[in-house]
Structure formats: C-alpha cells, structure tokens
Amino acid sequence: MQWYFVAALLTVLTSSQGILTTLSQSNGKYEYDYATIPFLAEVFKLAVSSLLLWKECQKSPLPKMTTEWKTVALYPIPSIIYLIHNNVQFATLTFVDTSTYQIMGNLKIVTTGILFRLFLGRRLSNLQWMAIVLLAVGTTTSQVRGCGEASCDSLFSAPIQGYMLGVLSACLSALAGIYTEFLMKKNNDSLYWQNIQLYTFGTIFNMARLLMDDFRGGFEHGPWWQRIFNGYSVTTWLVVLNLGSTGLLVSWLMKHADNIVKVYSTSMAMLLTMILSIFLFNFKPTLQLFLGIIICMMSLHMYFAPPSMLLDMPLTVKPDEEKLIEVAVDRRTRS
C-alpha cells in the first residue's frame, strides 16, 4: 500500500470526524457521554489489531514480536504525554478564547518539524523547512477572521500565561507524535503487535479517565460501565468507528512514512472540513480561507515535489561547446 493513498484516506477520515461529531448532537447538545468515544475507539483499534495479528500469525514465518519488559515499558509513554497534553489544553482555554487557541494550535506544525530534526535526526532541505512554515502560515490564514471583528483583537490581548501554555501544548502534541514514530521504527516488530501494546495502554488510560470523572461527579449518574451506551445513535457509532480507523491509519504512517506526512494530512483535513461546511452547515467562505488553501497547496508542492520540478537546473555544457564559447569570447575581446 502506497503512503500517499493512506495519507489521502487519513485526510478524508480526519475531515469527516468533525462533521460527524457535529451531526451526532441533538438540539446542539450531546445526548451521550463524550468521554466514552475515545475509550471505545481504543477498544476498536485494539480488537482490529488483535485480529490482524492473529491472521498474520497463521502465516510462515511468524511475525517478530519483542516481549522484553524494557521495550514494552516504553509504550505507555505516548498515552502519558497525551494525558498531560489534554490537561494543558484545558488550562490554555482558561486564558485564551477558542479562536486564539485554534490559531496557536498551528504551532505544532513547526514544532513537529523541529523535533523531527532533533530527536529523529532527519535532515530537511531549506525548501522543505520553507514548506513547513508556509503550511503553518496557510492554516493560520484560513482561520483568521476579518480584522474588524472582535475575535481579531482578542488574538493579541490574552495574558502571557495563555501564550506560554499554547506553545507548551504544541510542543507536547509534536513530542507525542515524534515519540510514537520512534517506537514504531525502533525495531522490525509486527505493526499489529506494536499497535496492541499502544492501544492496550490507551484503553487503560481512557478507562481511568472515565473512573476519575465518576469520582469527581460523586457517581451521580452511576458508574460509567452502566451508562456507556446511553444516548448512542447510528451517527455516534460512526464517530467511534471513524476515530478508531483514523488512529489505525496514523500508526501505519508512523511505521511506513513519517510525522510530516501526518501533519500535512491533518492540516489538509482541516481545510477540507471548512470547504464541506460551506455546503453542510451554511458556513460562509472568506477570502482568508481561499488564501489559506492556496498557500497550503504551494507548501504541499514545495515539500513533496522533486527538486528538479522546483528549481531551474542549469544545462550541462559539453567540452566541445565550452571551447567554442571560449573562442567566441576571445574573438570579441580582440575585436
């Protein structure tokens, strides 16, 4: 399977996630406990990975599966980073408004590139660095509203703590992705075995979150396992399946491609969501949206196109032609 096919599918699924989540609301509210969505998505990914590993084990030779505790102990770390990231997100939103938070979230594009170079040792050309910065500029441009609106003024009026937490959130998001790629490429273990380890700890951490929510609420609505499916509809189940499938595609990209491909997929998904919202939710397109799309398309071309398509390569001059040029220059100087 080619990575660009998986990346395109990830773009479509990521884009549809926000749309499905909006459609799952009833009268503008969630009839179900939204915290159960990530938990069920982790269970779905764990079940699919287990089934695929079982099928892989039916073939010969058997897939490689490292079971040393030193290796297995590395797999809870992404879940811990995401747990810290989620708390930082909530803390950030206490200092800045939603629009400012979304715009600052684009910093993770640049921080991913920086950590990609520092921790994985992957070299990027100057054109690729320019493309990454352009992608951040393009996504930010598409989200900025008219400067006559109050939201534009609020972008620069938040307290310094809000900006610091926003930068920390971007760094944690990038760090989780980079660390996951490191785990996936650390050895030649089966992708499905690696997924099982990741999603087992992901399921445990999400279960712990549901239990903590019950304790904080004093079990007012009963324990989470008794009401886990309350308010679920067909659309809600599509949200779960979509989120789970997105996670499986991301793990494939981490194994066979890299974080930059994932960043481009999710960024393009955001733009695709805005375009689809024009037709589904009467979202009014803005000039900034169209400019952002153009900038992101330029960035996409700059990063992935071969250098020969981006630069005018000088024509090679044959030795005989060099002699003719020298003779011509010599005649001109004599004349």
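The values are calculated or read from the model by the stated rules, or taken from the named source; none is laboratory data. Nothing here was measured: the structure is a model prediction, and the numbers come from that model. In this analysis, Cβ positions are derived from the backbone assuming ideal geometry, glycine residues included, and neighbour counts consider all displayed protein chains. Each accessible area value is taken on the protein alone, full model and side chains, heavy atoms only, with ligands, DNA and RNA left out. Shrake-Rupley method; radii C 1.70, N 1.55, O 1.52, S 1.80 Å.
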With a point put 7 Å past each Cα toward its Cβ, work out how far F182 is from K29 in nm, to one decimal.
4.5
Between exposed GluC sites (Glu not before Pro) in the chain, where DSSP calls loop and at most 16 other Cβ atoms lie within 10 Å, what's the longest gap?
221-335
Classify region 1-59 as rounded, prolate or oblate from the Cα gyration tensor: take a ≥ b ≥ c as the square roots of its eigenvalues, call it rounded if a/c is under 1.5, otherwise prolate when a/b beats b/c and oblate if not.
oblate
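Quick check on the chain: helices-only [θ] at 222 nm, where DSSP H runs of length 4 and up contribute -39,500 (n - 2.57) each and the sum goes over total residues. Nearest 500, please. Don't skip to the end; give the middle numbers.
Details: 15 runs with 244 residues, N = 335.
Mean residue ellipticity at 222 nm (helix-derived): -24000 deg cm²/dmol.
For region 1-93, what is the number of Lys pairs with C-alpha distance below 30 angstrom, counting only pairs 8 or more positions apart or on separate chains?
On the way: K29/K45; K45/K55; K45/K59; K45/K64; K45/K70; K55/K64; K55/K70; K59/K70.
Step by step, the pairs that qualify in region 1-93 add up to 8.
Carbon and sulfur: what percent of the chain's accessible surface (1.4 Å probe)?
Details: 12770 of 19430 Å².
Taking all protein chains in place, the chain shows 66 percent carbon and sulfur surface.
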Go through region 174-179 residue by residue and turn each phi into a ³J(HN,Hα) via Karplus (6.51, -1.76, 1.60, θ = phi - 60°); whole Hz please, and just put x for glycine and proline.
5, 4, 4, x, 5, 5
Theoretical FRET efficiency, 1/(1+(r/R0)^6), r = Cβ-Cβ of Q161 and A208, R0 30 Å, to 0.05:
0.60
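Suppose we take every Cα in region 74-199 and form the convex hull; what volume per residue is that in Å³?
Values: hull volume 15.5 nm³, N = 126.
Taking only Cα atoms, region 74-199 has a hull volume of 123 Å³ per residue.
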Mind pulling the angle between the C-alpha long axis of helix 3-23 and the longest principal axis of the chain? Nearest 10 degrees, somewhere in 0 to 90.
40
Between E220 and L291, the two model label points (7 Å from Cα along the beta-carbon direction) sit apart by a distance in nm of 4.5
In order over region 63-74: 3J(HN,Hα) from phi, Karplus 6.51/-1.76/1.60, θ = phi - 60°, whole Hz, x for each Gly or Pro, gives x, 6, 9, 7, 10, 5, 5, 5, 7, 4, 5, 7
Figure the gain on full extension for R227 and Q58 (residue separation times 0.36 nm, minus the Cα-Cα span) and round it to one decimal in nm.
57.0 nm
Excluding ligands and nucleic acids, what accessible area in Å² is computed for T11 using a 1.4 Å probe, to the nearest 10?
20
Å² of accessible area per residue within the chain, as computed with a 1.4 Å probe and no ligands counted:
58
Residue by residue, what Karplus-based ³J(HN,Hα) values in Hz, rounded to whole numbers, does region 237-247 have, using 6.51, -1.76 and 1.60 with θ = phi - 60° and x for Gly and Pro?
5, 5, 4, 4, 5, 5, 5, x, 5, 4, x
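Can you tell me how region 185-253 classifies by the Cα gyration tensor, rounded, prolate or oblate, using a/c under 1.5 as the rounded cut?
Values: a/c = 3.92, a/b = 1.72, b/c = 2.28.
In terms of gyration-tensor shape, oblate.
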